[in-house]
Structure formats: C-alpha cells, structure tokens
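*Asks:* Before I ask anything, let me first share the structure, which is written out below as structure tokens.
The values are calculated or read from the model by the stated rules, or taken from the named source; none is laboratory data. These figures come from a predicted structure and were not determined experimentally. Backbone-built Cβ (ideal geometry, glycine too); neighbour counts: all protein chains shown. Just the protein is used for accessible areas: all its heavy atoms, side chains included, with ligands, DNA and RNA removed. Shrake-Rupley method; radii C 1.70, N 1.55, O 1.52, S 1.80 Å.
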Amino acid sequence: MTRFFYTLVVWLSLAASHIAIANEAQLGAQVSKTGNNWIGTVTGSLQATEQINVSAEIDSTGYLEIGTGYGLMLGQFYTEAFASYGRADSIDIYDAGVFSGTALTETVMLYASTSHEWRKTKTMLDLDWFDQREWKTTLGVSYSPVSWLNTSYSFNHDRLLSGDRFSQDIINDNINSHDVTITFKPKWVEPYIKYTYGEYRVRPGEQVTSDSTIEAGINFRFK
C-alpha cells in the first residue's frame with residue numbers, strides 16, 4: 001500500500017497547487033477511536049468544475065478510496081450522482097449512488113443519500129462465497145445557528161442484498177446507525193467531532209461493529 005500512499009500525496013499536492021483554477025479544494029485529516037482501536041485517515045477533494053468533483057482518501061489500515069461526483073441544482077434541491085472504488089489487502093469495494101439536499105430555512109437543511117455497494121473479497125481461489133451487495137441509505141438534518149457553527153444528525157440504514165454476515169461479529173442483514181456531528185467553521189479551517197453509535201462499519205473495509213465511535217478531524221478549505 002506504500003505506492004498508493006505516495007500516489008495520494010502527489011494527488012493532494014497537485015490539487016493544492018491548482019486551487020487558482022478550481023472552484024474549491026479541500027484537504028482533511030481525521031482520527032477515530034472505536035473501543036481500543038485507533039484509525040487515522042487523510043482525505044482530499046477537488047471541485048474540478050461547477051458540476052464535477054473528485055476525491056481520494058487513505059487510512060492507517062491501508063484502505064484506499066477514489067471517487068467522483070456530478071452535481072447540479074434541480075429546483076430547490078442540490079442533487080449529486082456519485083461513484084467510488086476502494087481497495088484494501090483483502091477486499092475491493094464499488095459504490096454508486098445519489099445524494100440530495102434542500103434548505104428548509106436559512107439555518108436548517110434536510111439531506112438524504114442512497115447507494116448500492118458491491119464488496120468483493122479477494123481469495124486465492126476465485127470464489128464468491130464472501131462477496132456481498134448492500135443497499136445503503138442515509139437521512140439527515142443539519143442546523144447552523146450561527147455562521148461559524150453547524151450541527152447535524154443522520155440516520156443510516158444498511159440492508160444486505162446478497163451474501164451473508166456469517167463472517168461478521170453481528171449476524172444481522174439489516175443494520176442501523178446514528179451520527180451526531182458538531183463542526184466549527186472559521187474562514188479556512190473546519191474542525192469537527194462526530195459520535196457514531198448503532199451497528200455499522202467504522203471504515204468501509206472493516207467488519208460490522210456495535211461499539212460506538214468518536215471521531216475528531218479538521219478540514220482545510222482553499223477558496
């Protein structure tokens with residue numbers, strides 16, 4: 001995975017150096033704690049045009065993900081179609097879906113996303129016993145009482161469409177989780193803290209857990 005890490009560093013450097021021609025570039029770093037386990041993540045995104053964005057991330061488990069999205073306004077709704085590909089030592093993950101959000105007031109926004117995820121496990125034999133397909137849905141609301149503060153809550157539902165969870169810690173084909181996030185928004189830097197509980201994957205390449213997670217991170221915005 002070392003080569004992928006260097007590839008990501010180069011990509012992030014190019015993104016930062018070309019912010020003059022981009023609508024917006026963002027770099028971020030997060031650390032999360034679940035039980036006794038710590039995971040660090042580095043992320044980067046670039047708004048290449050008004051409609052198209054690209055992103056990449058890598059974490060301390062060796063999981064690498066790249067993605068892209070195409071977004072536009074449909075009436076009062078911002079809608080974005082997205083797709084991503086992720087890989088770890090033992091699994092490839094493909095995801096495609098749609099996100100949509102709308103402002104109810106100047107301070108309250110509702111949003112939702114739905115996606116289809118394919119999880120292909122790499123084995124010595126070409127077997128699909130461990131492969132899975134999941135339908136992932138999120139419903140959320142965010143509230144910004146002042147310009148420098150945002151709070152949000154989201155409900156997440158993952159439904160197993162094929163395969164099974166016999167290799168997971170939790171045997172359940174329908175899992176639910178909740179995210180509560182507080183984000184501070186000065187001009188260039190956005191620190192945040194997020195609390196997650198329920199049944200979920202801490203990272204896409206990880207197994208399902210019921211341990212709660214606390215994540216802290218910071219995003220740097222260039223615009």
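*Asks:* List the number of the failed condition for I66; all other conditions in (1) open to solvent by 70 Å² or more (accessible area, probe 1.4 Å); (2) farther than 21 Å from F222 by Cβ hold.
*Replies:* Against the list (1) open to solvent by 70 Å² or more (accessible area, probe 1.4 Å); (2) farther than 21 Å from F222 by Cβ, I66 comes up short only on (2).
*Asks:* Scan segment 188-209 and tell me whether some residue there is over 20 Å from S32 (Cα atoms) and at pLDDT below 90.
*Replies:* Looking through segment 188-209, at least one residue is over 20 Å from S32 (Cα atoms) and at pLDDT below 90.
*Asks:* Please go through segment 46-57 and pick out each residue that is modelled with pLDDT under 95 and open to solvent by less than 40 Å² (accessible area, probe 1.4 Å).
*Replies:* Within segment 46-57, L46 is the sole residue that qualifies.
*Asks:* Additional query: Scan segment 107-122 and give yes if some residue there is under 28 Å from I214 (Cβ atoms), at pLDDT 95 or above, over 21 Å from the mean Cα position of the chain (by Cα) and exposed (fewer than 15 other Cβ atoms within 10 Å of the Cβ), otherwise no.
*Replies:* The answer is yes, given that some residue of segment 107-122 is under 28 Å from I214 (Cβ atoms), at pLDDT 95 or above, over 21 Å from the mean Cα position of the chain (by Cα) and exposed (fewer than 15 other Cβ atoms within 10 Å of the Cβ).
*Asks:* Return the total of residues in segment 81-104 being among the acidic types (D, E) and either under 17 Å from T137 (Cβ atoms) or at pLDDT 95 or above (or both).
*Replies:* So the count comes out to 1.
*Asks:* Run Y78 past the list (1) modelled with pLDDT of 95 or more; (2) out of contact with any strand residue (DSSP E or B) (no Cβ under 6 Å at 6 or more places or on another chain) and report the number of the one that doesn't hold.
*Replies:* So the condition that Y78 fails would be (2).
*Asks:* Here's a follow-up. Go over the candidates G40, G97 one by one and state the one that is surrounded by 17 or more Cβ atoms within 10 Å (Cβ to Cβ) and of a type outside the set (S, T, Y).
*Replies:* Step by step, each of G40, G97 is checked, and only G97 is surrounded by 17 or more Cβ atoms within 10 Å (Cβ to Cβ) and of a type outside the set (S, T, Y).
*Asks:* Of the conditions (1) open to solvent by less than 40 Å² (accessible area, probe 1.4 Å); (2) touching a Leu at 6+ places or on another chain (Cβ under 9 Å); (3) of a type outside the set (D, E); (4) modelled with pLDDT under 90, R221 clears all except one; give me its number.
*Replies:* For R221, the exception is condition (1).
*Asks:* So which pairs qualify, if the first residue must be in segment 69-82 and under 22 Å from E117 (Cα atoms), the second must be charged (D, E, K, R), the Cβ gap must be under 9 Å, and the two must be at least 6 apart or on different chains?
*Replies:* G69/E80; Y70/E80; G71/E50; G71/E80; F82/D95
*Asks:* To continue, here is another question. Would you check which residues across segment 70-109 are within 30 Å of K120 (Cα to Cα), of a type in the set (A, V, I, L, M) and assigned to a strand (DSSP E or B) and list them?
*Replies:* A81, A83, I91, I93, A96, V98
*Asks:* Next up: Within segment 186-201, can you find the residues that are under 27 Å from D89 (Cα atoms) and open to solvent by less than 40 Å² (accessible area, probe 1.4 Å)?
*Replies:* T196, G198, Y200, R201
*Asks:* Would you check which residues across segment 173-188 are among the aromatic types (F, W, Y) and part of a loop (DSSP other than H, G, I, E, B) and list them?
*Replies:* Listed by number, the list holds a single entry, W188.
*Asks:* Being open to solvent by less than 50 Å² (accessible area, probe 1.4 Å), in a strand (DSSP E or B) and among the hydrophobic types (A, V, I, L, M, F, W, C) is the filter here; which residues of segment 202-217 pass it?
*Replies:* V208, A216
*Asks:* What residue, among those in segment 145-184 that are charged (D, E, K, R) and at pLDDT 90 or above, is farthest from S100 (Cα to Cα)?
*Replies:* Residue satisfying both the conditions and the ranking: R159.
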